[in-house]
1. Given +1 on the Cβ of Lys and Arg, -1 on the Cβ of Asp and Glu, and no further charges, what dipole in debye does region 1-90 carry about its Cα centre, rounded to the nearest 20?
2. For the pair THR178 and SER82, how long in nm is the line joining their label points, each one 7 Å along Cα→Cβ?
3. If you put +1 on each Lys and Arg Cβ and -1 on each Asp and Glu Cβ, how big is the dipole of region 1-51 around its Cα centre, in Debye rounded to 20?
4. In whole percent, what relative contact order does region 1-74 give with Cα contacts below 8 Å and a gap of six or more residues?
5. Cβ neighbours within 10 Å, averaged per peptide: list 163-171, 32-40 in order, most packed at the top.
6. What is the fewest-to-most order of MET161, MET60 by other Cβ atoms lying within 10 Å of their Cβ?
7. Filter the cross-link list LYS75/LYS174; LYS18/LYS105; LYS8/LYS174 down to pairs whose alpha-carbon distance in this structure exceeds 24 Å.
Amino acid sequence: MSEIYFSKFNVTKQVFYKSKHTYAVVNLRPLVRGHVLVVPLRTNTPRLSDLSPEESIDYMQVLQVIHRFIMHVYKADSLNISIQDGPESGQSVPHLHTHILPRYKTDGHGDELYGKIEAIDFEKYAEEFQIRKSNFLASAAKFKDQIPEDSQRSNRTEEVMHKEAEWLAEELEKFLPTLNPNDVVIP
């Protein structure tokens, strides 16, 4: 595999999936176990709107594959999927990337990033979603302090990230044949 960069950072050993225009990589400082990033290969793409039409299609297809894979391999109930598009939105690296974080009915973790979503009227959504959301909000308070502040999180070693990337690549190779081609296109 040729070298792969996340902005100016060589992340080749952290990559566990690569398509024509996109890759998936384990995170240097994950918020939760299984926190991965999906990133375009072209490094001069700071914003979503910088992708070409072909890159956009590939990016969305990879997001769908990795979405299903992370749900499967981490047995997640839900996912947080986040793009911080521009420095005012909290984007810390000037290279488009999408965070995918596995979530569980019992994790109680809240994300400041998603705090504004709490105000949305969920009446229009399915009853099951409303029940799950209510249960989550009721239990979230007791877990509030479990996610450390960024300044308290430490970087993982390249060896640790490489081992995780190798494991995810092996698991993904087993998982891809289980996908229905009518549901998702594998780039």
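Bear in mind these aren't lab numbers, they're just calculated from the coordinates by the rules spelled out. This one's a predicted model, so the numbers in the text were calculated from it and none came from an experiment. Methodologically, a virtual Cβ is constructed for each residue, glycine included, from the backbone with ideal geometry; neighbour enumeration extends over all protein chains shown.
1. So the dipole magnitude of region 1-90 works out to roughly 400 debye.
2. 2.8 nm
3. Charge dipole of region 1-51: 80 debye, to the nearest 20.
4. After rounding, I find 25 percent.
5. 32-40, 163-171
6. Arranged by neighbour count, lowest to highest, MET161, MET60 become MET60, MET161.
7. Violating the 24 Å limit, Cα to Cα: LYS18/LYS105; LYS8/LYS174.
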